[in-house]
Amino acid sequence: MGEIQDICVFCGSSKGNAPIYAEAAQALGQAMARRGLGLVYGAGNIGLMGVLADAVLAGGGRAVGVIPEKLVDRELAHDGLNELLVVETMHERKAKMHELSDAYISLPGGIGTMEEFFEAVTWRQLDYHAKPIALLNVDGFYDGIEQFFYTMISTGFLRPKHSELFFSETDPNRLLDRLGCAGAEK
C-alpha cells in the first residue's frame, strides 16, 4: 500500500436532522484540504455530500465526483468539482471510485452509504484490496455498526481478525492520522 493521496468518502445526500453531521462533514473536508488529500465521492451538491465537497474546494483541495447518468439530476451533480465523471450504472460508479482512491471513509448516511461501506469491507475481507477503511463516528452514529461486528464475531460468523477490517474514530484529524495520511495536524 502506497501513500494515501485520494480518499473515497461515502456519505448521505441528506444533512440529517442535527447540525453536528454537517459540521463533521465540513471539518473532514477542511482537514483533507489542509493535508493536500483529494476527495473522491458520489458527486452530489446536496446533503453531507455537498457540504464535504464544498469544504474541500474552499480549502483549495481537489474533489472528483462520480455519478451515474440516471442520478445527475436527482442528486443534483455538483458543478464546481475539479472533475465530474458520469458513468452508466451504480456498479460502474463504485468501481471507478475504488479505482481512484487509496482509502475509504464513511460519514453518516443512509442505505446507500451503508451499502458502499459494507462492500468496501467485504472486498477487503476477500483480499480484493488492502485499502484502509474508517468510520467517522459522529455523535454515536456508528455505534450500532461496531456492535453488530462484535455480534458477528461472538456468534462465529466472523473471525476475530475481521474486527481489524476497519476502524472507527470520532475526530477527523485523528481519523486521518490513523489512516496514515501525510501532513498530520500539529
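So here's what we get for this one:
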| read-out | value |
| --- | --- |
| Residue list for the stretch 151-183, restricted to those being part of a helix (DSSP H, G or I), over 25 Å from S101 (Cα atoms) and modelled with pLDDT of 95 or more | T151, M152, I153, S154 |
| Where G180 falls short, out of the listed (1) touching a Ser or Thr at 6+ places or on another chain (Cβ under 9 Å); (2) farther than 21 Å from A43 by Cβ; (3) surrounded by 13 or more Cβ atoms within 10 Å (Cβ to Cβ) | (1) |
| The stretch 47-74, subset within 27 Å of L176 (Cα to Cα) and over 17 Å from the mean Cα position of the chain (by Cα), residue surrounded by the fewest Cβ atoms within 10 Å (Cβ to Cβ) | G60 |
| Subset tally (residues that are in contact with a strand residue (DSSP E or B) (Cβ under 8 Å, 6 or more places away or on another chain), of a type in the set (V, I, T) and either surrounded by 19 or more Cβ atoms within 10 Å (Cβ to Cβ) or assigned to a helix (DSSP H, G or I) (or both)) for the stretch 88-111 | 1 |
| Of all residues in the stretch 112-140 being free of Cβ contacts under 8 Å to residues at least 12 places away in the same chain and outside any helix (DSSP H, G or I), the one that is surrounded by the most Cβ atoms within 10 Å (Cβ to Cβ) | Y128 |
| Residue pairs meeting the criteria (Cβ under 8 Å; at least 6 apart or on separate chains; first within 14 Å of S13 (Cβ to Cβ), in the stretch 53-78; second outside any helix (DSSP H, G or I) and among the charged types (D, E, K, R)) | G65/E83; I67/E75; P68/E88 |
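The values are calculated or read from the model by the stated rules, or taken from the named source; none is laboratory data. Please read all numbers here as calculations on a predicted model, not as lab measurements. Heads up, the Cβs are rebuilt from the backbone with ideal geometry, glycines too, and the neighbour counts pull from every protein chain shown.
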